[in-house]
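Trainee: Once you've had a glance at the structure underneath, I'll fire off some questions.
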2 protein chains.
Amino acid sequence: MASQRGEGETTATPLEPADRERARAIPEAAVARLAVYLRVLSGMADQGVTAVSSEELSQAAGVNAAKLRKDLSYIGSYGTRGVGYDVEVLVSHIERILGLTRNHSVAVVGIGNLGHALANYGGFPGRGFPVTALFDVDPDLIGIPVGGIPVNHIDEITAVCLEREVSIGVIATPPPAAQSVCDRLVSAGVQCILNFAPVVLQVPDNVEVRKVDLAVEMQILSFHVARRADEAASVSDGNGLGVDGMVIRP
Amino acid sequence: MASQRGEGETTATPLEPADRERARAIPEAAVARLAVYLRVLSGMADQGVTAVSSEELSQAAGVNAAKLRKDLSYIGSYGTRGVGYDVEVLVSHIERILGLTRNHSVAVVGIGNLGHALANYGGFPGRGFPVTALFDVDPDLIGIPVGGIPVNHIDEITAVCLEREVSIGVIATPPPAAQSVCDRLVSAGVQCILNFAPVVLQVPDNVEVRKVDLAVEMQILSFHVARRADEAASVSDGNGLGVDGMVIRP
DNA sequence: TCGACTTTGTGCGTGCGTTCACAAGCGGTA
DNA sequence: TACCGCTTGTGAACGCACGCACAAAGTCGA
């Protein structure tokens, strides 16, 4: 982590002070949507589309057109009134704001089913996220290359992360190991963590954690299944009476 | 597997009308947190803890205590003032609200790296989500069991989903196939979809979609890396010190 | 050059979700 | 039984984000 930004020359495009100001003010929700816009725009660019209106783009991204324009306004005014947005221009500005002009070296910890899948994505979806280090505790895995990267023992995490300038750590371990792995990543200077383990991680303030929690996602869906089923039931059973005779539906 | 929910008598515990009313009013964000509370509580129950205060529970779940109490109040008043909550009671009420008293049969479409990983979880984290069907287009995969379930051809999706009463579809296909798979799931009567493909799915209003988007997650982290780097840069124009006094430039 | 049309950028009202703060309620204790 | 301390449950204030609606600003055709 120490020399992530090289001295003198850096591969990353630094943000203009005006943009810094902006970046600080972008709502988290808008950042997530910007990433979606970026993907849609990239797809359009690949198909030779050069210009797009907020209406078209918003529809492709599945959001409200006004919201999209507001989101884009957070990063500056790069549209042309009466015409729309230049796809290339928008792509490059979103990439810049999202920090995608620099490479983010990724380490995956826990090479089980999920870890394998993640490692094999190799250079994550959307590029710019090369997986450069893999870790596990299983002696049978150490040294075996997965997706082209040999697996290191987890004890080497600090040294390897520093050496390869890992900026994002992905935790794909069993739940009991997650917090300990997290602590090690943090002490190796990793400030951004993507956590697949169903555990609430405790981290210092200066570390950013995003969690991907399958169980929670499934349970949210389950909630909706149940809600739907109950709505259907309450329509079909037809008495509209609550537990103690209280009328729920007027 | 065909008779997961018997005809006539259902294994699912129906919600009382009073709870139905409540379930409808629970904010989406709160539902997600309830799932987290549930996991923490289950862990506590396994360790023999029988009672817990909102303060303890909120800390373990990584949220504000007041928010936790409000979240719990959405599902009813099951705490004891001056004491706290009974773990078992809370677990069973959250399970009921989230619809976890019934089994939710899951189909995974796209048996690549990720699909394999998902299928092998076998009965999803937290139980209650048995994977009962797998689909792919690759002829080499058809019939091969993964995690105990043989892979079906995707053309059989409607028949198999209906037969096995699939209520949740998981899309783990390459992006170009996702929308088509989604359409097929919907026409097979699946109303809840968990989408891992980096595509914005278009679905009818009565279908619930949750998406897990690795690229977006990585890019959000990237944004934070960039923001941090810029903050450090704007601070360090002289002292070379980072946020917590750590030397960024040796 | 002018006018009509199109689309952006944004000020503002609205609604939802979070947080605060306190009254209500319960168990323990004298 | 009456009091005390603790914790819940929730009313109310706050803040953020969404969406509307419109002015500003640009293009295109005449």
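The values are calculated or read from the model by the stated rules, or taken from the named source; none is laboratory data. If you're wondering where the values come from, they're calculated on a predicted model, not measured in any experiment. Using ideal geometry, Cβ is built from the backbone for each residue, glycine included, and neighbour counts are taken over all protein chains shown. Heavy atoms of the whole protein, side chains included, go into the accessibility calculation; ligands, DNA and RNA do not. Shrake-Rupley method; radii C 1.70, N 1.55, O 1.52, S 1.80 Å.
Trainee: Which order do A:Arg227, A:Arg69 take by accessible area at a 1.4 Å probe, largest first?
Mentor: A:Arg69, A:Arg227
Trainee: Over the Cα atoms of region A:105-212, how large are the radius of gyration and the largest Cα-Cα distance (Dmax), in Å?
Mentor: For region A:105-212, the Cα radius of gyration and maximum Cα-Cα distance read 12.3, 36 Å.
Trainee: Would you work out the Kirkwood radius for region A:41-182? I mean one over the mean of 1/r across all pairs of different Cα atoms, in Å.
Mentor: About 17.5 Å for region A:41-182.
Trainee: Of all accessible surface on region B:17-97 at a 1.4 Å probe, what whole percent is carbon and sulfur? Mind showing how you got there, number by number?
Mentor: Values: 1920 of 3940 Å².
The nonpolar share, carbon plus sulfur, comes to 49 percent.
Trainee: Order the following by accessible area, largest value first: B:Ile168, A:Ile149. Probe radius 1.4 Å; ligands, DNA and RNA are ignored.
Mentor: Working: B:Ile168 0, A:Ile149 35 Å².
The most accessible residue leads, giving A:Ile149, B:Ile168.
Trainee: While we're looking at this one, here's another question. Interface size between chain B and chain A, please: total buried accessible area, 1.4 Å probe, rounded to the nearest 100 Å².
Mentor: By this definition, chains B and A bury close to 7000 Å².
Trainee: Please report, as a whole percent, how much of the solvent-accessible surface of region B:106-212 comes from carbon and sulfur atoms (probe radius 1.4 Å). Working shown, then result.
Mentor: Numbers: 2290 of 4250 Å².
C and S atoms contribute 54 percent here.
Trainee: In addition: For the full complex of protein chains and a 1.4 angstrom probe, list A:Tyr78, B:Tyr85 by accessible area with the highest value first.
Mentor: Heavy-atom accessible area, descending, gives A:Tyr78, B:Tyr85.
Trainee: Using only protein heavy atoms and a 1.4 Å probe, report how much of A:Thr158 is accessible, in Å² to the nearest 10.
Mentor: 50 Å²
Trainee: Long-range amide H contacts for B:Val146: which residues qualify at under 5 Å (H placed 1.01 Å from N, peptide plane, sequence gap of 5 or more or a different chain)?
Mentor: For B:Val146, whose amide H was placed from the backbone, the distant partners under 5 Å are B:Val151.
Trainee: How high is the relative contact order of region B:106-212, given as a whole-number percent (alpha carbon pairs under 8 Å, six or more residues apart)?
Mentor: 24 percent
Trainee: Using a label position 7 Å from Cα in the Cα→Cβ direction, what is the ascending list of nm distances from A:Arg69 to the same site in the other copies?
Mentor: Computed spacing set for this position: 4.4 nm.
Trainee: Output, in nm with one decimal and in ascending order, the distances from the B:Gly112 label point to the matching label points of the other copies (7 Å from Cα along Cα-to-Cβ).
Mentor: Copy-to-copy label distances at B:Gly112, shortest first: 2.3 nm.
Trainee: Between beta-carbons, use under 11 Å as the cut-off and find the net charge around A:Leu221, counting Lys and Arg +1, Asp and Glu -1.
Mentor: Its environment carries a net charge of +1.
Trainee: For region B:17-97, restrict the atom set to alpha-carbon positions and state the Rg and Dmax in Å.
Mentor: Cα-based Rg and Dmax for region B:17-97 come out at 11.7, 34 Å.
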